[in-house]
Amino acid sequence: MIKVDQLSKYFTPLKKVVDAISFEVNKGETLVLLGTSGSGKTTTLRMLNRLIEPSSGTITINGQNILQQPADALRRQMGYVLQETGLFPHYTIAENIAIVPGLLQWPKQQTAARTEELLHKLQLPPHEYSEAYPRELSGGQQQRVGLARALAANPPILLMDEPFGALDPITRGMVRKDFMALDELHQKTIVLVTHDVNEAFIMGTQICLMHEGRIAQIGSPATLLFNPANDFVRNFFSEQR
Ligand code: ADP
């Protein structure tokens with residue numbers, strides 16, 4: 001589904017923030033970009049939806065080179081979830097969730113039904129929350145709305161950058177559990193950025209451990225834990241215990 005080949009980014013000529021990385025993500029898989037702060041995770045993620053243009057390398061999605069596609073068409077097939085929910089404060093919860101369906105000119109009834117379905121599934125009873133405004137919700141509830149908004153128009157791909165990072169550990173666990181219980185996730189291709197090893201192991205089908213813009217190791221969680229490719233990987237996980 002997603003194929004990244006020899007992808008690099010430098011903002012200044014001397015420092016490659018992402019240095020010739022390659023990976024593939026199959027449909028239905030969750031690839032976790034894991035690593036300490038500054039290792040190049042967010043830059044990599046943002047190249048996938050062209051918020052950042054690569055310096056070199058290729059990205060293909062469903063066999064198409066995304067660098068030759070208009071960025072807005074590309075982004076329509078991707079939900080994007082960030083640590084800061086970015087909900088519009090003057091829009092109700094239902095209006096926030098309806099943004100992408102609106103851009104795609106979905107019929108009103110279809111949008112309303114989808115919004116209601118997502119609010120139910122994410123434990124925000126629609127009769128209580130549809131007409132509320134973001135400021136009336138807790139941080140965890142706002143992040144649930146952010147997830148619903150990203151999922152609303154059924155994008156086949158989800159890009160997630162520390163989606164639970166702003167929440168306290170208990171709330172984080174609850175929001176993550178309800179998110180992961182969504183049936184529709186099984187068909188999605190997800191790329192998730194986190195520095196949280198626990199989260200990487202809970203959510204990842206593949207983990208890509210990054211270090212100074214390069215891939216230290218990529219593989220299943222068990223492979224990284226039990227067959228570390230080098231001392232960096234071994235030390236990274238032993239320091240987390
Ligand atoms: P991570 O997500 O792993 O914390 P980032 O991809 O955000 O890492 O950043 C990797 C490195 O790239 C950091 O050293 C950061 O300072 C640098 N960087 C990120 N964006 C820019 C930019 N727009 N201009 C210059 N340097 C940047």
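The values are calculated or read from the model by the stated rules, or taken from the named source; none is laboratory data. Note that this is a predicted model, so its numbers are computed, not measured. When we count neighbours, we look across all protein chains shown, and the Cβ atoms used for this are built from the backbone with ideal geometry, even at glycine.
Here segment 184-204 is the region considered, the condition is being more than 16 Å from the ligand (Cβ to nearest atom) and over 14 Å from the mean Cα position of the chain (by Cα), and the residue that is farthest from Thr171 (Cα to Cα) is Gln187. For segment 24-56, give me the residue count where each residue is more than 15 Å from the ligand (Cβ to nearest atom) and either assigned to a strand (DSSP E or B) or touching a Phe, Trp or Tyr at 6+ places or on another chain (Cβ under 9 Å) (or both). Counting residues in segment 24-56 that are more than 15 Å from the ligand (Cβ to nearest atom) and either assigned to a strand (DSSP E or B) or touching a Phe, Trp or Tyr at 6+ places or on another chain (Cβ under 9 Å) (or both) gives 4.
Selection of first residues in segment 1-22 that are under 12 Å from Ser39 (Cα atoms) and outside any strand (DSSP E or B) and of second residues that are within 16 Å of the ligand (Cβ to nearest atom) and of a type in the set (Val, Ile, Thr), restricted to Cβ pairs under 6 Å at least 6 apart or on distinct chains, gives an empty result.
Only one of the numbered conditions (1) surrounded by 13 or more Cβ atoms within 10 Å (Cβ to Cβ); (2) more than 16 Å from Val175 (Cβ to Cβ) is violated by Tyr129, and that is (2). Each residue in segment 6-39 was checked for being surrounded by fewer than 21 Cβ atoms within 10 Å (Cβ to Cβ), within 16 Å of Ile52 (Cα to Cα) and in contact with a Ser or Thr (Cβ under 8 Å, 6 or more places away or on another chain), and 7 of them qualify. All conditions in (1) within 18 Å of the chain's Cα centre (by Cα); (2) surrounded by fewer than 19 Cβ atoms within 10 Å (Cβ to Cβ) hold for Gly63, with the sole exception of (1). Out of all the residues in segment 84-104, is one or more touching a residue at least 60 places away in the same chain (Cβ under 8 Å), within 24 Å of Glu162 (Cβ to Cβ), within 16 Å of the ligand (Cβ to nearest atom) and not polar (S, T, N, Q)? Yes.
Per the conditions (1) surrounded by 16 or more Cβ atoms within 10 Å (Cβ to Cβ); (2) within 16 Å of the ligand (Cβ to nearest atom), the sole criterion not satisfied by Phe232 is (1). It is to be established whether one or more residues within segment 222-239 are in a helix (DSSP H, G or I) and within 19 Å of the chain's Cα centre (by Cα). Looking through segment 222-239, none of the residues is in a helix (DSSP H, G or I) and within 19 Å of the chain's Cα centre (by Cα).
May I ask you to list the residues in segment 88-104 that are at pLDDT 95 or above and outside any helix (DSSP H, G or I)? Once the filter is applied, which keeps residues that are at pLDDT 95 or above and outside any helix (DSSP H, G or I), segment 88-104 yields Phe88, Pro89, His90, Tyr91, Thr92, Ala98.
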